[in-house]
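Here the structure comes first, spelled out in structure tokens, and everything after it is commentary.
The values are calculated or read from the model by the stated rules, or taken from the named source; none is laboratory data. Fair warning: this is a prediction, and the values are worked out from it, not measured in the lab. Glycine gets a Cβ as well: all are built from the backbone with ideal geometry, and neighbour counts include every protein chain shown. Just so you know, the surface numbers come from the protein's heavy atoms only, side chains and all, with ligands and any DNA or RNA stripped out. Shrake-Rupley method; radii C 1.70, N 1.55, O 1.52, S 1.80 Å.
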Amino acid sequence: MTAPTTLFQPYSRLVKIALLGREFEVPENNPLLRCLQYLAPEDVSYGRFCWNEDCQYCRVTFDLGDNTPSRPALACRLIAQDGMRVKELTTEIRYCLRSLKLRQPE
């Protein structure tokens, strides 16, 4: 028998990120997709994510604050940082985060 594992990398604090303009606190030192799972555990767990860059269902666009460029990334590989602002999400991520009632795309 093996000991149960945690989904998250070790963390000692929560960092603030913004998803489509709404602020949330998530565990530091974790990939953004795991942080989204922290916010909506059941729904993200059942998403069609491969967690290894193959599926592209976790593509996001983000920046790190004012006067920083927006960049595309895969949430399964992007480590969440304090002050990160996620500006665009794929339809799959939006669906998995529906309980958070994020704003609709323009």
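How many nm is it between the label spots at residue 23 and residue 98, if each spot is 7 Å from the Cα in line with the beta carbon?
With each label point 7 Å from Cα toward Cβ, the separation is 2.9 nm.
Rounded to a whole number, what % of the accessible area of the chain do carbon and sulfur atoms account for, probe 1.4 Å? Show your work: numbers first, answer last.
Details: 3250 of 6660 Å².
That share works out to 49 percent.
Tell me the per residue accessible area of the stretch 8-106 using a 1.4 Å probe; a whole number in Å² is fine.
Each residue of the stretch 8-106 exposes 58 Å² on average to a 1.4 Å probe.
Could you work out which residue, out of 66, 82, 43, moves most in a Gaussian network model of the chain, that is, has the largest mean-square fluctuation with Cα springs under 10 Å?
66
Taking the Cα centre of the chain as origin, work out the dipole magnitude from +1 charges on Lys and Arg Cβ and -1 charges on Asp and Glu Cβ, in debye rounded to 20. Working shown, then result.
On the way: 14 positive and 13 negative charges, 30 e Å.
With Lys and Arg at +1 and Asp and Glu at -1, about 140 debye.
With an 8 Å Cα cut-off and a minimum separation of 6 or more residues, compute the relative contact order for the stretch 3-106 in percent.
RCO, the stretch 3-106: 32 percent.
So what is the diffusion coefficient of the chain in µm² per second by Stokes-Einstein at 4 °C and 1.567 mPa s, using a Kirkwood Rh over Cα pairs?
Numbers: Rh = 14.1 Å.
Estimated diffusion coefficient is 92 µm²/s.
Is it possible to state the helix-based mean residue ellipticity at 222 nm for the chain, with each DSSP H run of 4+ residues giving -39500 (n - 2.57), the sum divided by total residues, to the nearest 500 deg cm²/dmol? What is it?
So the helix-based figure for the chain works out to -4000 deg cm²/dmol.
Return the single residue from 94, 59, 71 with maximal mean-square fluctuation; model: Gaussian network over the chain, springs between Cα atoms under 10 Å.
71
Take the chain, connect every pair of alpha-carbon atoms lying under 10 Å apart with a spring to form a Gaussian network, then pick out the residue of 67, 52, 30 with the largest mean-square fluctuation.
67
Quote to one decimal, in nm, the extra length available between residue 7 and residue 79 on full extension: 0.36 nm per residue of separation minus the C-alpha distance between them.
So the extension gain works out to 24.5 nm.
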